[in-house]
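*Asks:* One structure, as structure tokens, below. Some questions next.
The values are calculated or read from the model by the stated rules, or taken from the named source; none is laboratory data. Note that the structure is predicted; figures quoted are calculated from it, not measured. Cβ placement follows ideal geometry from the backbone for every residue including glycine, while neighbour counts extend to all protein chains displayed.
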Amino acid sequence: MTWLRFEAVEKRFGAGADALTAVAPFSLDVAKGAFIAFLGPSGCGKTTLMRMVGGLETPSAGAITLEGAALGAPDRRRGMVFQSYSSFPWLTVEGNVLFGLRYRRDLSRAEKRARAARYLALVGLAAFADAYPGRISGGMRQRVAIARTLAAGSEILLMDEPFGALDAMLRESLQVELRRLQEAERRTVIFVTHDVDEAAFLADRVIVFTPRPARIAAEIDVAARLEGPRTLGLRDTPEFFALRREIHAHVRAASEDASGGASGEGRL
């Protein structure tokens, strides 16, 4: 059975002649533990798709299923990390991570603290557990958000341009860290971006979208093209340069031929 499935999903805002179609019929199968990047221009509908997975939007047609069951309201199996730094300034770094565990009745207080400590260590923030968000950098606050989502036990990590507001060096550092965490935890990641380099570096598979309404213009199997760990040195290899050129070509073609659309079918 497919783990996560998009079945002819559509999303329209409004009704009648004034309705705006954000997502055209879209189908995709996603394997458990995959890292998939949704790549496309701003406003194309990729964030809307991610929000439907998270339960923040409802499909107008079609269905999104997890292990055969239709997804509904948000739950702890799905965690979201946004571009903005979503930390609570009145809580410490540890307190922010513990906040994501507040509904875990299956864990004792000691187990929650141990779990928070584990994920803070994974994102390199163990030494800042008692610090408040106002005392740490933006990149560190973003790592707090990632740790909070992972600690909560989310099986699917939904990330909407989480590094978009960071400087280039910090962004690259967090990309490496995110990939390392995903490989260690084997969480399923859906990562929304309009940055070709970021998509190519992070993902197992890149889904290129047309401008709105979102349709699949191309699928690129990155895992088959890039072997070995995702380190910064990978960006300087001929294989990465070739992959980046190929993805750029798909993005340009999708933009130039948006009215032609695509089949909307995909598989991972």
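*Asks:* Go through the range 146-164 and give me each residue that's within 13 Å of the chain's Cα centre (by Cα) and assigned to a helix (DSSP H, G or I).
*Replies:* Within the range 146-164, Ile146, Thr149, Leu150 qualify.
*Asks:* Next up: Restricting attention to the range 180-201, which residues are in a helix (DSSP H, G or I), more than 17 Å from Ala218 (Cβ to Cβ) and modelled with pLDDT of 90 or more?
*Replies:* Within the range 180-201, just Phe201 meets the criteria.
*Asks:* Being modelled with pLDDT under 90, among the polar types (S, T, N, Q) and closer than 21 Å to Leu158 by Cβ, is that true of even one residue in the range 73-83?
*Replies:* Yes, that holds for at least one residue.
*Asks:* For the range 68-89, enumerate the residues that are in contact (Cβ under 8 Å) with a residue 40 or more places away in the chain and surrounded by fewer than 12 Cβ atoms within 10 Å (Cβ to Cβ).
*Replies:* Matches in the range 68-89: Gly68, Pro89.
*Asks:* Got a sec? Which of Thr48, Thr65 is surrounded by fewer than 21 Cβ atoms within 10 Å (Cβ to Cβ) and in contact with a strand residue (DSSP E or B) (Cβ under 8 Å, 6 or more places away or on another chain)?
*Replies:* Only one candidate qualifies: Thr65.
*Asks:* Within the range 117-136, does at least one residue satisfy the condition of being surrounded by fewer than 16 Cβ atoms within 10 Å (Cβ to Cβ), closer than 22 Å to Phe191 by Cβ, of a type outside the set (Asp, Glu) and more than 19 Å from the chain's Cα centre (by Cα)?
*Replies:* yes
*Asks:* Now for a different question. Please verify whether Arg180 is surrounded by fewer than 20 Cβ atoms within 10 Å (Cβ to Cβ) and either in contact with a Phe, Trp or Tyr (Cβ under 7 Å, 6 or more places away or on another chain) or not assigned by TED's automatic domain parsing to the domain that holds Arg118 (or both), treating the condition exactly as stated.
*Replies:* The answer is yes for Arg180.
*Asks:* OK, next. Kindly list the number of the only condition in (1) basic (Lys, Arg); (2) exposed (fewer than 13 other Cβ atoms within 10 Å of the Cβ); (3) over 18 Å from Phe38 (Cα atoms) that fails for Arg230.
*Replies:* Tallying (1) basic (Lys, Arg); (2) exposed (fewer than 13 other Cβ atoms within 10 Å of the Cβ); (3) over 18 Å from Phe38 (Cα atoms), Arg230 fails exactly one: (2).
*Asks:* Something else now. Which of the following residues is crowded, with 17+ Cβ neighbours inside 10 Å, in the same structural domain as Arg212 (by TED's automatic domain parsing), on the phi < 0 side of the Ramachandran plot and part of a strand (DSSP E or B): Phe6, Phe38?
*Replies:* Unique residue meeting the criteria: Phe38.
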